[in-house]
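Some notes on the structure that comes next.
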RNA sequence: GCCGCUAUCGUCUAGGGGACUAGGACGCCGCCCUCUCACGGCGGAAACCCGGGUUCGAAUCCCGGUAGCGGUACCA
């Protein structure tokens, strides 16, 4: 089995394109097939080295590797030209100067469902001669038998007047030469398939199997785009998603697995993946579900590994203890820093939280009591801190929240943070006491002398 | 217009003639856990596009309608 994937080199790896790449990967890896990476660049302007490198980088980030490639179609211009000449000689193709305008006029005259046929000329673009009768059909692995009447098919242009090959032609020749057995691509390519099939037919060659994947939509039912937030895997990466979660989530969008389980690694996915099970319906990309899955994957990562990724993501170091106490509370890498920055950069400024918490009766006294207790704790570990603080709650006969929340605001600046005992322990005695004193001083300044 | 395709909770899906009072997940609502936020647990609301067939029996098969989508380039 020879599988190929051919992302178009626009720089961004669209999420739909990523899913296509993933399905190709799953197909090849599940069957020990060969995976060929190809850059479909008969449009020279888009396939800049930078764009290509960005695509490759996104693919690597998703842990998708390939066996051969990347191969550029432009590298094969010579071969394409040879086949064009061959087809011209055999009469399967002809030159014509007909324009899109002419095609329209033709249909106006003979009916919209009539495929365009031109008279051969000495110059112009090269068109493939489509049979007048019969149909070009193929058994799509995901959608079943698909058929196009030849009579309604225009003679497709396979090479420009300057001799350069067009996509639908080049891609067929490349598939043929590479011995590709399976072509898995987006549904927007179905109507290209008969054109490519006709090329194989003209050459008397066996075409590969085709499988067309349903498209991915945004929440509004339209094609997924930047309007919907993240639309490329680069953007997903930037906002803190894990490659494991992205792979897992996009694989599920139409893979047709039984729904008893949804959490899969790449290799588990490859084991289960069946091309013929892929859904025919388009799916809506739901970032909320991705977030949820990302949280699961995040919590599953060993602390050291998570720490490593968060240090890369934030550009900070020495994050391990902060990671330990916050990993239950975050869903993406981006959620991390806002939750724990107070540990490193001091309490955040949140006057509202401050006012709200210290307006409660006994809040200030509870904070003072907590300070006294904490000053005595030895060693300054989580268990000891907890014991001391619970002692305060008991002695003052207070509701736990009335002791813990003032303390939390004192050390973190806000009412939301990791567990209070853990946070205090990570902060250490000196910092904790200093911050409590800071809060106390601030309170005094706010309301002098009762 | 023409060519092609699709149709189960808001979303992703299971379902391939009786096991369907239609299952799971995300989201939403309620309760529990609880120092906040989360995590976790329990419970709830929520769907077979419409109309005809076929059949003893249809979410499942067929036809029609409707709706949506893709393509319609000397782009990829």
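The values are calculated or read from the model by the stated rules, or taken from the named source; none is laboratory data. Keep in mind the model is a prediction, meaning the values are calculated, not measured. So basically every Cβ, Gly included, is an ideal-geometry build from the backbone, and we count neighbours across all protein chains shown.
Values computed for the structure shown
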item	result
Condition met for residue A:173 (at pLDDT 95 or above and more than 16 Å from residue A:209 (Cβ to Cβ))	yes
Residue A:254 being out of contact with any helix residue (DSSP H, G or I) (no Cβ under 6 Å at 6 or more places or on another chain), closer than 21 Å to residue A:24 by Cα and part of a loop (DSSP other than H, G, I, E, B)	yes
Residue pairs meeting the criteria (Cβ under 7 Å; at least 6 apart or on separate chains; first in contact (Cβ under 8 Å) with a residue 24 or more places away in the chain, in the stretch A:307-321; second surrounded by 15 or more Cβ atoms within 10 Å (Cβ to Cβ) and in a helix (DSSP H, G or I))	A:309/A:333; A:310/A:323; A:310/A:333; A:310/A:336; A:313/A:333; A:321/A:426
Residue within the stretch A:131-152 that is closer than 18 Å to residue A:104 by Cα, buried (at least 18 other Cβ atoms within 10 Å of the Cβ) and within 38 Å of the chain's Cα centre (by Cα) present	no
Given (1) without any contact (Cβ under 8 Å) to a residue 60 or more places away in the chain; (2) touching a helix residue (DSSP H, G or I) at 6+ places or on another chain (Cβ under 7 Å), index of the condition residue A:274 fails	(2)
In the stretch A:288-328, the residues that are surrounded by fewer than 20 Cβ atoms within 10 Å (Cβ to Cβ), part of a loop (DSSP other than H, G, I, E, B) and more than 10 Å from RNA strand B (Cβ to nearest atom)	A:301, A:302, A:315, A:316, A:317, A:318
Filter pass, residue A:28 being in contact with a strand residue (DSSP E or B) (Cβ under 9 Å, 6 or more places away or on another chain) and under 30 Å from residue A:313 (Cβ atoms)	no
Residue that is farthest from residue A:27 (Cα to Cα), among those in the stretch A:178-217 that are near RNA strand B (Cβ under 10 Å from one of its atoms) and in a loop (DSSP other than H, G, I, E, B)	A:215
Qualifying residues in the stretch A:411-430 (those that are assigned to a helix (DSSP H, G or I) and either within 36 Å of the chain's Cα centre (by Cα) or modelled with pLDDT under 95 (or both)) - the one surrounded by the fewest Cβ atoms within 10 Å (Cβ to Cβ)	A:422
The stretch A:218-251: number of residues that are within 9 Å of RNA strand B (Cβ to nearest atom), out of contact with any helix residue (DSSP H, G or I) (no Cβ under 6 Å at 6 or more places or on another chain) and at pLDDT 95 or above	0
Filter pass, residue A:46 being out of contact with any helix residue (DSSP H, G or I) (no Cβ under 9 Å at 6 or more places or on another chain), part of a loop (DSSP other than H, G, I, E, B) and within 14 Å of RNA strand B (Cβ to nearest atom)	yes
Matching residues, the stretch A:151-169, being more than 7 Å from RNA strand B (Cβ to nearest atom), in a helix (DSSP H, G or I) and closer than 18 Å to residue A:40 by Cα	A:169
Residue check for residue A:252: buried (at least 17 other Cβ atoms within 10 Å of the Cβ) and free of Cβ contacts under 8 Å to residues at least 60 places away in the same chain	yes
Sole exception among (1) within 14 Å of RNA strand B (Cβ to nearest atom); (2) touching a helix residue (DSSP H, G or I) at 6+ places or on another chain (Cβ under 9 Å) for residue A:267, by number	(1)
Close pairs (6 angstrom Cβ cut-off, 6 or more residues apart or separate chains): free of Cβ contacts under 8 Å to residues at least 60 places away in the same chain and on the phi < 0 side of the Ramachandran plot in the stretch A:1-16, part of a strand (DSSP E or B) and within 12 Å of RNA strand B (Cβ to nearest atom) anywhere	A:9/A:39
Residue in the stretch A:91-105 that is closer than 19 Å to residue A:196 by Cβ, touching a helix residue (DSSP H, G or I) at 6+ places or on another chain (Cβ under 6 Å) and more than 9 Å from RNA strand B (Cβ to nearest atom) present	yes
Odd one out for residue A:331 among (1) in a helix (DSSP H, G or I); (2) surrounded by 15 or more Cβ atoms within 10 Å (Cβ to Cβ)	(1)
